[in-house]
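Asks: There's a structure below that I have some questions on.
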Amino acid sequence: MNFLIIFRVYNQTLFPVTMISDTKTIFAILTDKGSAIDWNQLLTEILTAFDCSTATIHTLDKDSQLLHLKAYQGIPELLLPKMTIIPTGKGMAGVAAQRKRPVQICNLQTDESGVVRPSAKETKVKGSMAVPLMLNGQLHGTLGIAKPVPYEFTVEEEEILMEIGEAISRKIVS
């Protein structure tokens with residue numbers, strides 16, 4: 001595995017800025033035409049590649065415009081009822097879906113932007129990002145990842161997550 005680590009100073013503390021390992025396995029899972037996708041394996045690979053502790057995939061119900069939880073890892077069971085169905089525009093996943101752009105929070109625990117739902121703080125994660133699952137300009141859901149430390153995802157990480165989102169979208173529509 002190859003790792004690239006860069007550090008940034010945030011409030012006089014060093015935090016890793018870029019930590020991406022090899023994503024070949026993720027794309028191999030998503031381009032395998034011979035088998036159904038193992039969503040939990042996919043999330044495990046994404047968590048490993050981005051050194052994260054939690055991840056979710058929501059798919060969009062086109063009729064209701066609601067996001068439905070397809071797979072998750074590292075989410076406390078008590079939060080699942082609040083994350084099973086998410087209205088577009090609510091919370092990080094809902095806002096990413098509404099804007100059709102990534103949404104990130106450096107420290108979810110101290111965020112005051114109004115994007116983070118109060119119950120999301122119960123996850124105990126800090127650095128988090130939600131990206132829309134887009135294909136040919138159409139929204140198919142969201143992918144969310146988070147770390148237990150304050151973290152600002154880089155442009156490179158955002159681009160890779162968007163590529164992963166496009167590949168997930170291909171699996172959803174096929």
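Asks: Quick one: would you say G144 is out of contact with any Ser or Thr (no Cβ under 7 Å at 6 or more places or on another chain), under 23 Å from D38 (Cα atoms) and not hydrophobic (A, V, I, L, M, F, W, C)?
Replies: Taking the combined requirement at face value, the residue does not satisfy it.
Asks: Based on this model, can you work out whether A146 counts as at pLDDT 95 or above and either out of contact with any strand residue (DSSP E or B) (no Cβ under 8 Å at 6 or more places or on another chain) or closer than 25 Å to I26 by Cα (or both)?
Replies: no
Asks: Let me ask something else about it. Do we have T54 as touching a residue at least 60 places away in the same chain (Cβ under 8 Å) and either within 19 Å of F153 (Cα to Cα) or touching a Phe, Trp or Tyr at 6+ places or on another chain (Cβ under 7 Å) (or both) here?
Replies: Yes, satisfied.
Asks: Just one of (1) buried (at least 19 other Cβ atoms within 10 Å of the Cβ); (2) at pLDDT below 85 trips up T110, so point out which.
Replies: Only one criterion is unmet by T110, namely (1).
Asks: Run down L47, L67 and say which single residue is closer than 16 Å to H140 by Cα and crowded, with 18+ Cβ neighbours inside 10 Å.
Replies: After ruling out the rest, the residue left standing is L67.
Asks: Output the helices (runs of 4 or more DSSP H) that fall wholly within the range 13-92 and possess 1 or more residues being modelled with pLDDT of 95 or more and of a type in the set (V, I, T), or say none.
Replies: 39-49
The values are calculated or read from the model by the stated rules, or taken from the named source; none is laboratory data. Everything numeric in this text was worked out from a predicted model, so none of it was measured. No Cβ is skipped: glycine too gets one built from the backbone with ideal geometry, and neighbour counts run over all protein chains shown.
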